[in-house]
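Right, one structure below, let's go through it.
Read-outs throughout are calculated quantities, based only on the coordinates presented, and are distinct from any laboratory measurement. All of these numbers come straight from a predicted model, not from anything done at the bench. A quick note on method: Cβ atoms are made from the backbone with ideal geometry, for glycine too, and the neighbour counts reach across all protein chains shown.
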Amino acid sequence: MGILRQILQTFCILLPVILLTAQSSSLKNNAEIFHNPIFEESWPDPYCYKHTDGYYYMPRREDDRRGIGLFRTKTLSNWRNAEKAVVVRAPDGLMSLWAPEIHFINGNFYLYYAMDDGNNANHRMYVSRALNPNNPMGEWTASKRMVPPGDDFWAIDATVLQYGTGQLYLIWSGWPTLNAGFPQNIYIARLCDPETICSQRVLLAEPIFSWEQHGEPLLEGPQILHNAGRVFLIYSASGSWTADYTLGFMGIDNLADPLNPGNWWRHNQPVFWRNDEQKVFGVGHASFTKSPDGTENYIMYHAMEDPAMGWDNRTARIEKFGWNPDNSPAFPRPAGFDVAIPVPSGEQKLSAFMLRYLFKRVPISLNLSGSNSNSFCKAGSAGVATCRLQGREQEFSSFSYNYRNKSGILTTSKPEVTFANNLNKISKQTMATLSADVKAKLDKVADVKIDEKGKFKYILIKVYATDSTGKHVDENSKLVVRGRGDCPFHGDIFDKFQEETAQLEGIDDEILGGGRIQRDGNKILVFGYSQGYGRADHTLTVELIKKSYPTHEITWSNDGY
């Protein structure tokens, strides 16, 4: 239900400025899709962890490379507006923060990362712990250095292996000697707790194959992947600044001692590499997670579209992968930006309601590719267009439709007309019609009163669109829940509503939209966008509140939710 509310919320915002010029015809595929990358800005070394609260957590180094921003979202295929908190800042004198990872170990969250003092030769590993194990978006401990006894050498890309009955090991990329430069090898040591290395390091792997030596001979970015009792170590090889950055893998079986290098086997070929045909280069530094419902496996990695642009061109992407008969991972070829990929299983898809609204009520040729690349319809071969609409947390609902011109004839010409310059003009032209075509009525009232904390709870309103004769069309209606000034998004209001009013009968599963209601003394402010559907339910909301609070000053705002 989350994505449906989110997409309609955004669609109601976009509705007054939709370009009503071309006809869109029958739906080709109502399965939701997405396109890589999952975040528009550079995101090297992406590490994703799916927690028991349903959120995906991913740390990203701040642009100044002196901090860690922790992101979280419930939508694996899109991180563009995920919740973010800066949880770690480098102490004075430290910088060049690299490759942060978040792990949940024995009931606590830990961040592992590397920093130096301005000299790359002094890169070392550090760890921080969340002070509140139930709130990783809150405060964290100061950076603590992790040093193997007697081996204070260059070290980056630390990850944790939880092995057997729970013994912890740290695996990282390092130099063989002080100031060696290259090669970069993979090392392992035992942890006596998540913050302390208590054994000398052991060499696990060196860059011995030719495909591990492009740019420089190096192995880095080790990651652990478990399946069917087997333990795999996926690593990145060659220079990350090259087009030939790639993934290799090794493993250990039968719970053998991981500190004995002889117990590890190693594959002699890369398992995930560049895809020149689709302009995917420098693929590597992966992590692994599952779909929201836990039925699918995903690799998250960074890659470059143009290797000439180097490190700053690395973006985060995901692909679904499977398993070989021997239970080792079977990775796909990395997909380019133009490839439509089904969303991970368990992510909310467009409902029949939204599809009816898009393809029955509103014939659209929507393209924001020039002014806002997050929402667009882009023509492809044989007149099939790929569309994305942006919703809460900028989650994308993507779908395909057969594009037809005004005469109903399929065309392969691109409907790539950006209407940024015409935005105000189109808005004014469509505003009056849209406002006139939408009405609202009170459907159910859960709680109109202000609670003991001065917060409104819920007002449930039904909003109708009308057909060409002015008659209400029930299939183009939506239920609006308003209230909860403490909720940042429409969908959060709905989630609270579901939790606290489960006893209400007859509530449509497709409750959509809504907005916050805040009280400040004698003033009540109704948030949301007052256009189209929003204007209708705003009006009724204000009228309803006035009945209960006739002495209050009640207004609405177009700013925020």
Notebook entry, point to check: Tell me, Val88, Val231 in order of fewest to most beta-carbon neighbours within 10 Å?
Noted result: Val231, Val88
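Take Phe182, Phe288 and order them by how many other Cβ atoms sit within 10 Å, fewest up front.
With the sparsest Cβ surroundings first, the list reads Phe182, Phe288.
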Margin query: Can you work out the Karplus-derived ³J(HN,Hα) for every residue in segment 235-248? Use 6.51 cos²θ - 1.76 cosθ + 1.60 with θ = phi - 60°, whole Hz, and x for glycine or proline.
Written below: 10, 9, 9, 6, x, 5, 8, 9, 6, 9, 3, 8, 10, x
Next item on the list: Sticking with the crude label model, points 7 Å out along Cα→Cβ, report the distance from Ala256 to Thr141 in nm, one decimal please.
Entry: 3.5
Note to self: Going by amide H atoms built from the backbone, whose H comes under 5 Å of the H on His285, apart from near neighbours?
What the structure shows: Ser236
Next item on the list: Tabulate in residue order the Karplus-calculated ³J(HN,Hα) for segment 85-100, using 6.51 cos²θ - 1.76 cosθ + 1.60 with θ = phi - 60°, rounded to whole Hz; enter x for Gly and Pro.
Entry: 9, 7, 10, 9, 10, 5, x, 3, x, 10, 6, 6, 6, 10, 6, x
Checklist line | Members of Lys50/Lys84; Lys84/Lys144; Lys74/Lys523; Lys84/Lys546; Lys50/Lys320 lying beyond 26 Å, as alpha-carbon distances in this model show | finding: Lys74/Lys523; Lys84/Lys546
Next item on the list: Sort Lys144, Lys547 so that the residue with the fewest other Cβ atoms within 10 Å of its own Cβ comes first and the one with the most comes last.
Entry: Lys547, Lys144
Note to self: Report the Cα-based extents of segment 45-334 along its three principal axes, largest first, to the nearest Å.
What the structure shows: 43, 43, 43
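Starting from the Cα-Cα distance between Asp92 and Val542, subtract it from 0.36 nm times their residue separation and give me the gain in nm to one decimal.
Contour length minus the Cα-Cα distance gives 156.8 nm.
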